[in-house]
1. Residues of the stretch B:93-119 being part of a loop (DSSP other than H, G, I, E, B) and of a type outside the set (Asp, Glu), which ones?
2. Residue check: is B:Leu159 assigned to a strand (DSSP E or B) and of a type outside the set (S, T, N, Q)?
3. Taking A:Gly234 as meeting all but one of (1) touching a Phe, Trp or Tyr at 6+ places or on another chain (Cβ under 8 Å); (2) buried (at least 19 other Cβ atoms within 10 Å of the Cβ), write down the number of the exception.
4. Only one of B:Leu90, B:Leu172, B:Leu127, B:Leu75 is surrounded by 22 or more Cβ atoms within 10 Å (Cβ to Cβ) and not in a loop (DSSP other than H, G, I, E, B). Can you tell me which?
5. Identify all residues within the stretch A:26-42 that are on the phi < 0 side of the Ramachandran plot and surrounded by fewer than 24 Cβ atoms within 10 Å (Cβ to Cβ); write none if there are none.
6. Tell me, yes or no, whether the stretch B:99-107 has at least one residue that is within 11 Å of chain A (Cβ to nearest Cβ) and within 16 Å of the chain's Cα centre (by Cα).
7. Is there a residue being among the charged types (D, E, K, R) and away from chain B (no Cβ under 14 Å) anywhere in the stretch A:137-158?
8. If you go through the stretch B:122-136 one residue at a time, do you hit one that is basic (Lys, Arg) and within 12 Å of chain A (Cβ to nearest Cβ)?
Amino acid sequence: MLNILVYGAVTSAVYAMLAVGFTLIFGVARVLNLAHGAFYGLGAYSCYLLTGRLGWPLLPAALVAVLFVAAFGVAMERFLVRPLRHSALAVLMITIAVGLLFEQAMYLLFGSEARNVPAFSNATWSYAGLDVSGQRLLTLGFGIVIIGLLWLFINRTRLGSAILALSQDREGALYMGIPADRIYAVVMAISAAIAAAAGVLTAPFLTVQPTMDLLPMIKAFSIVIVGGLGSIPGSILAALLLGYSETIVAYAVSPAWTEIVSLVAVLLTLILRPAGLLGKRAAF
Amino acid sequence: MRLALLEVADLVVHYGKALALDGVSLSVAAGELVAVLGPNGAGKSTLLKAISRAVPSAGHIVFDGRPLDDMAPHLVVAAGICHCPEGRHLFAELTVRKNLELGAYLRRDKAAIARDLEHVHALFPVLRARGAQQAATLSGGEQQMVAIGRALMGRPKLLLLDEPSVGIAHRLKIAIFAAIRQIREAGTAILLVEQDARSALGVASRAYLLEHGQIVREGLSEAFIRDDRVRRVYLGV
């Protein structure tokens with residue numbers, strides 16, 4: 001029981017970190033970014049490169065990795081997405097291309113074998129028969145802090161107001177003098193940085209290999225469909241829902257069945273409530 | 001005539017192959033309230049959007065001595081043109097207060113922003129009471145007040161007002177036109193696009209008549225009110 005509670009929370013935190021950025025860039029810039037999983041993977045690989053190959057200490061490596069991926073996201077928005085913004089389909093295709101490019105680049109640079117990224121904490125916490133690694137607890141803590149900070153940033157700062165304004169009425173935002181392109185770049189940086197942070201944090205207990213972007217991408221996508229595309233509260237709610245459902249299924253049925261949970265949730269959502277739990281309207 | 005604050009010359013706008021504005025020229029002096037009348041689809045909103053640089057255009061737009069032709073939309077706002085668009089385009093899920101604050105997005109002068117918020121509240125007292133409410137929960141007329149107040153929060157030299165009376169209860173319409181008069185009296189120039197010619201001519205000093213993307217008549221409001229064709233078609237008398 002305690003197992004489910006703790007592991008479900010860790011999984012939910014990781015899912016929420018993946019989903020909020022994905023839903024944010026869609027809600028603000030209407031970009032369905034299928035390279036979002038690549039941000040996650042790139043975070044993990046950058047950290048591996050800096051620690052494993054260049055021998056950096058973990059903390060600066062983790063920070064540089066996250067900043068690098070944020071810059072990568074901004075560059076992708078500026079040079080690949082922005083010129084194609086007139087066509088939603090073209091934007092979709094270019095983000096898929098970036099995702100595939102990530103996989104191929106990692107394969108060529110680092111090979112297909114799984115890589116190790118050091119953990120911030122190698123301790124194990126034992127309580128009432130439950131053993132959980134410090135790294136997982138740290139991931140949970142970081143996830144809560146990051147999402148809390150994001151909430152404060154969006155609701156309490158001038159730039160956050162501009163993000164909200166742009167997501168609710170683009171033309172209205174234009175007449176307020178809000179520079180849309182600059183805000184899109186900021187949102188892409190935030191979105192990429194949070195995904196990269198999730199990659200850095202989970203890398204020690206998950207597998208770092210070239211195809212590692214796919215599963216997080218599917219999860220982020222599933223969560224925002226269930227929660228409602230563009231809705232941050234919706235994606236957090238859906239992350240908790242899926243995180244716990246999967247953990248319960250893993251314990252009650254079998255770990256082999258976990259991946260089917262999010263797909264069933266997506267199907268049920270699309271049939272019963274196409275706008276998602278907290279979405280305003282169907283996005284497709 | 002005073003030196004023009006806004007000078008528009010030979011403005012042409014295409015939407016794809018359709019010609020929306022066909023060589024429009026007009027001017028607004030500092031502190032002047034000018035109305036643009038005309039039927040639906042004449043190009044009135046397009047004219048305001050072109051001035052805001054929200055749609056691309058050919059021709060010349062000079063504001064306060066500076067050409068706007070190649071300016072980014074947010075710099076037009078910074079130059080002193082605030083646009084209260086047709087359909088209001090409020091931030092529906094944000095509070096009334098936050099909508100008004102976003103009107104001052106480009107400004108950093110906190111004390112002056114607070115004073116301007118007081119002015120807006122004095123102009124539309126109901127907005128003070130509704131401050132914490134989501135914009136979407138207000139009535140149409142109140143939403144229009146938010147839209148006008150939000151545009152004023154940018155401290156414009158020129159306010160572009162697009163159809164402020166559309167779909168609004170009569171009582172609120174009177175309040176809104178009274179407010180428009182007050183805004184002009186405080187020294188802000190206004191370019192008012194309006195289908196309700198009677199209300200618009202009541203507050204404007206000059207007017208233009210726009211039909212099929214062209215200015216077909218211009219003159220003082222009194223002359224417009226006496227004009228037979230304007231009376232028949234737009235005033236319904």
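1. Applying the first criterion (part of a loop (DSSP other than H, G, I, E, B)) to the stretch B:93-119 yields B:93-94, B:104-109.
Once the filter is applied, which keeps residues that are part of a loop (DSSP other than H, G, I, E, B) and of a type outside the set (Asp, Glu), the stretch B:93-119 yields B:Leu94, B:Ala104, B:Tyr105, B:Leu106, B:Arg107, B:Arg108.
2. Numbers: assigned to a strand (DSSP E or B): yes; of a type outside the set (S, T, N, Q): yes.
Answer is yes for this residue.
3. (1)
4. Values: B:Leu90 fails: not in a loop (DSSP other than H, G, I, E, B); B:Leu172 fails: surrounded by 22 or more Cβ atoms within 10 Å (Cβ to Cβ); B:Leu75 fails: surrounded by 22 or more Cβ atoms within 10 Å (Cβ to Cβ).
Exactly one residue qualifies, and that residue is B:Leu127.
5. First, pick out the residues of the stretch A:26-42 that are on the phi < 0 side of the Ramachandran plot: A:26-29, A:31-42.
Residues satisfying the conditions are A:Phe26, A:Leu32, A:Leu34.
6. The initial filter retains those residues of the stretch B:99-107 that are within 11 Å of chain A (Cβ to nearest Cβ), namely B:99-107.
After this cut, where a residue has to be within 16 Å of the chain's Cα centre (by Cα) as well, the list is B:103.
Yes.
7. Residues of the stretch A:137-158 that are among the charged types (D, E, K, R), as a first pass: A:156, A:158.
From what is left, the residues that are away from chain B (no Cβ under 14 Å) are none.
No: zero hits.
8. Taking the stretch B:122-136 and keeping what is basic (Lys, Arg), we get B:128, B:130.
Filter once more, keeping what is within 12 Å of chain A (Cβ to nearest Cβ): none.
Scanning the stretch B:122-136, I find no residue that is basic (Lys, Arg) and within 12 Å of chain A (Cβ to nearest Cβ), so the answer is no.
The values are calculated or read from the model by the stated rules, or taken from the named source; none is laboratory data. Predicted, not measured: the structure shown is a model, and the values here were computed from it. Counting neighbours? That spans all protein chains shown, and the Cβs are built from the backbone with ideal geometry, glycine included.
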